[in-house]
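Structure record follows, encoded as structure tokens.
The values are calculated or read from the model by the stated rules, or taken from the named source; none is laboratory data. As the structure is a prediction and not an experimental result, all values here were calculated from the model. All Cβ positions, glycine included, derive from the backbone under ideal geometry; neighbour counts span all protein chains shown. Just the protein is used for accessible areas: all its heavy atoms, side chains included, with ligands, DNA and RNA removed. Shrake-Rupley method; radii C 1.70, N 1.55, O 1.52, S 1.80 Å.
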Amino acid sequence: LDTMKEKRISFKEVEEKFGVEPSKVTDVLGLMGDASDNIPGVHGIGPKTAIKLIKEFGSIEGLLENADKLEGGLKDKINAERKSAELSKRLATIHTSVKLPFTWEDFAMKAPHLNELREMLKGFEFSSLVTELAPKEGLKRDKYQLVTTEEEIKALCKKLRSAELIAFDTETTSLDTMQAHLVGLSFSWAKGEAAYIPVGHVTEDQQLFPDEQSSSKPKQPDIKMVWKYLKPIFADPNIKKAGQNCKYDLEILANCGVEVEGIVCDTMIASYVLNPAGPHNMDDLAQQFLDHTTIKYEEVTGKGKKQINFSEVAIEKACEYSSEDADVTLRLAEIFLPQIRGSQFEKLFFEMEMPLMRVLLKMELAGIKLDAAYLNELGKSFGISLAKLEKEIFKEAGAEFNINSPKQLGVILFEKMGLPGGKKTKTGYSTDVDALTSLSENYKLPELVLGYRSLSKLKGTYIDSLPDLLDPRTGRIHTSYNQTVAETGRLSSSDPNLQNIPIRTNEGLQIRKAFIAEDGYVLMSADYSQIELRILAHIAQEKELISAFNSGVDVHAVTAGGIFGVEPAEVTKEQRAVGKTVNFATIYGQSAFGLSKQLKIGVDMASEYIDNYFKRYPSVAKYREEAFEAARKNGYVETLFGRRRYAPDINSFNGNIRQNAERMAFNTIFQGTAADIIKKAMIVADAGLNTVSKHARMLLQVHDELIFEVPVADVEKVKKFVTDAMCNVVKLDVPLTVDVGIGKSWAEC
């Protein structure tokens, strides 16, 4: 049985393939060899000759006994490689006489050992396989209740007020909080007990028989009556609450005019703080911590073209689905909170991540104004530039082709033009960024294609897409900030991603011009200067770096002086650029090979630069080794604020995997600490901004930069407040400095 092709092979198929009966296959393989199984065979003898010889002499042994009967070169080949032929036959022969301690019955299909299988799959985080192959009897849903009458809501509120901790969840019409409408609310106040209040379902009755509502179908309560009882529950800080991805629910409730106080646990954030590697979605967390397979969203709404909106889901089905979400959230909170309280994660969770969630909520609701008319004109300009680039590419290639097709580009570069270094994959030649960047050093076409790709991506990702993301009510772009994605602790941005607009290119600057302030306001950018290098100086206690930052001298020139053996004052512009690159390469844990590619120099020279860097800053070299040693011992690294990232591959026997883990671990210490510092700065800035300027708002965070919208009259006050807040949020052995820019657009900042 060929299990790869699900095909059975009999005598007939063997003879068709090998030209001999099955018992002679090892003889044929012994002569022709089999590279996939490392069977050498006899050099120069292929399948046809092997089959002919075995048919004539019956076996390899028969052939070797009669080798003198052969003629010319064939005779010489066989005699020269007699031992190889004998060895190859032995290698190709499956030994069928080995005694095995099994019977045929042992291989019959049996039910798996579910407990052992479940633990193994959970250990490898194969959540889908746990659900599919080893599901456990899940949480009981028999105490979930549908709440639709005023009396039932009053009874529910009584339970919520008396509970130590409650969990809540919202069901809506969309994942986009600015467009979503509330469909229902669920609450859980004890394990296995939960309730669902439907408020926005489009029921069959309402769709088809508006005047003849069936008494057998559940009615939905009036939303005003619902808020009459629930608003005080949500607003009461003494009623402790938990949620999963609370920011989404808070945004939905804020759009309904509902304020929420007393949130003590977002289970998604709690999971992230305990182990940033994740996953942090509810389905996986339920599987991992509760051995429970949740009802999936697509199970209630369907898939693909047949998928319905949640508002169209039957109320009884929605009740079970949403109540389970609240029940699971409560159980997870009761698992995570004891692990966080009293641990090193306590301050990180309660004083940084949970307050930050509120700050991000305000930023998302605020959004940023977009100049759609300017963006439309910019799109036309980019289109003209792309058309011009396309003509240049076709002229250089000597043919027209689909520039976006890697396969066609590979043929042009490596077959038609005959450029060196073509690496073929299963789908054609590799034309990724690395391949084209390497070629562009000596050839024009790859350079043109890189420019075309970059411009095309910017046009598609931002210029063409941003107008579609404008909120029609606010006329602003409302990005979403993700707290639980980047393992370093950094925030990420999506729908749209405003953190990936290039900052050092003219095209990126042109796109940033589209982000503008309202009339009577300006945008203000506050950007930490060299924050990761300052953190390195502080953590490594590198005296020369500390001295450079405290005296305000050019730290890149100091580094370049150490690399090139000159005084900082004598460093050239080119040498300073190398010093800057090496400074950041150290933080990123870059190897000599990586640095050589970045600086376009030899690996030996790059290695010399790195050696000279560590000679200049010996405490950095010492700390680096100490950090690696601690990571190997503990299996994780930590930021200054106790944020932990695990590095399971740091003890790998595979050198490449181990070095990659080392780079990741070392970089996390500094990038993660920088992320923590700006998060603290955001919390402080948000808390005091309103006292300085009632109408100033923090709008965006892009790694080390914060963007504010400020009334023109309040610019100087806000500038001083923000600078002080960012510079004094943490005390290091070196000063934190902030570069502030002001303008009508983000680009002007």
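Filtered by the rule that a residue be within 55 Å of the chain's Cα centre (by Cα), in a helix (DSSP H, G or I) and closer than 16 Å to Ser84 by Cα, region 18-71 gives Thr26, Asp27, Val28, Leu29, Gly30, Leu31, Met32, Ala35, Asp37, Ala50. Exactly one residue out of Ala674, Ala681 is free of Cβ contacts under 8 Å to residues at least 60 places away in the same chain and either in contact with a helix residue (DSSP H, G or I) (Cβ under 6 Å, 6 or more places away or on another chain) or over 28 Å from Leu545 (Cα atoms) (or both): that is Ala681.
As a summary of the residue check, Ile501 satisfies the conditions (1) modelled with pLDDT of 95 or more; (2) under 30 Å from Asp554 (Cβ atoms); (3) touching a helix residue (DSSP H, G or I) at 6+ places or on another chain (Cβ under 8 Å) except for the one numbered (1).
Within the set Arg358, Arg331, the sole residue that is open to solvent by 10 Å² or more (accessible area, probe 1.4 Å) and either modelled with pLDDT under 95 or under 25 Å from the mean Cα position of the chain (by Cα) (or both) turns out to be Arg358. The set of residues from region 714-741 being free of Cβ contacts under 8 Å to residues at least 24 places away in the same chain and open to solvent by less than 40 Å² (accessible area, probe 1.4 Å) comprises Asp714, Cys727. Does region 361-406 hold any residues that are assigned to a loop (DSSP other than H, G, I, E, B), open to solvent by less than 70 Å² (accessible area, probe 1.4 Å) and over 22 Å from Lys744 (Cα atoms), and which are they? Listed by number, the residues that qualify are Gly398, Ala399, Phe401, Ile403, Ser405. Restricted to region 514-539, and to residues there that are farther than 20 Å from Asp554 by Cα and charged (D, E, K, R), the residue that is surrounded by the fewest Cβ atoms within 10 Å (Cβ to Cβ) is Asp519. Given the criteria part of a helix (DSSP H, G or I) and over 30 Å from Val620 (Cα atoms), does Asp686 qualify? Judged against the criteria, Asp686 is a match.
Against the condition surrounded by 22 or more Cβ atoms within 10 Å (Cβ to Cβ) and either aliphatic (A, V, I, L, M) or on the phi > 0 side of the Ramachandran plot (or both), how does Ala585 come out, does it pass? No; evaluated as a whole, the condition is false for this residue.
Among the residues of region 169-198, those that are crowded, with 18+ Cβ neighbours inside 10 Å, of a type in the set (A, V, I, L, M, F, W, C) and out of contact with any Ser or Thr (no Cβ under 7 Å at 6 or more places or on another chain) comprise Met178, Phe187, Trp189, Ile197. Among the residues making up region 555-570, those that are outside any helix (DSSP H, G or I) and open to solvent by 60 Å² or more (accessible area, probe 1.4 Å) are Gly565, Glu567. Restricting attention to region 224-238, report how many residues are open to solvent by 10 Å² or more (accessible area, probe 1.4 Å) and under 39 Å from the mean Cα position of the chain (by Cα). Number satisfying all stated conditions: 7.
For region 78-119, a residue qualifies if it is surrounded by 10 or more Cβ atoms within 10 Å (Cβ to Cβ) and of a type in the set (Val, Ile, Thr), and the qualifying residues are Ile78, Thr93. The set of residues in region 417-436 that are at pLDDT below 85 and either over 29 Å from the mean Cα position of the chain (by Cα) or at negative phi (or both) comprises Gly421, Gly422, Lys423, Lys424, Thr425, Lys426, Thr427, Asp434.
Each row is one residue, and each column tells you yes or no for (1) charged (D, E, K, R); (2) surrounded by fewer than 20 Cβ atoms within 10 Å (Cβ to Cβ); (3) closer than 22 Å to Leu389 by Cβ; (4) free of Cβ contacts under 8 Å to residues at least 24 places away in the same chain.
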residue	(1), (2), (3), (4)
Val411	no, yes, yes, yes
Met417	no, yes, yes, no
Gly421	no, yes, no, yes
Lys426	yes, yes, no, yes
Thr461	no, yes, yes, no
Asp471	yes, yes, no, no
His478	no, no, no, no
Ser494	no, yes, no, yes
Gln499	no, yes, no, no
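Taking the conditions (1) out of contact with any Lys or Arg (no Cβ under 8 Å at 6 or more places or on another chain); (2) among the small types (Gly, Ala, Ser); (3) surrounded by fewer than 14 Cβ atoms within 10 Å (Cβ to Cβ) in turn, Gly44 satisfies each one other than (1).
Considering (1) touching a helix residue (DSSP H, G or I) at 6+ places or on another chain (Cβ under 8 Å); (2) in a loop (DSSP other than H, G, I, E, B); (3) of a type in the set (Lys, Arg), the lone condition that Lys459 does not fulfil carries the number (2). Note on region 96-125: residues that are assigned to a loop (DSSP other than H, G, I, E, B) and within 49 Å of the chain's Cα centre (by Cα) amount to 12. Residue-level check: of (1) over 28 Å from the mean Cα position of the chain (by Cα); (2) modelled with pLDDT of 95 or more; (3) of a type in the set (S, T, N, Q); (4) open to solvent by 40 Å² or more (accessible area, probe 1.4 Å), Ser323 misses just (4).
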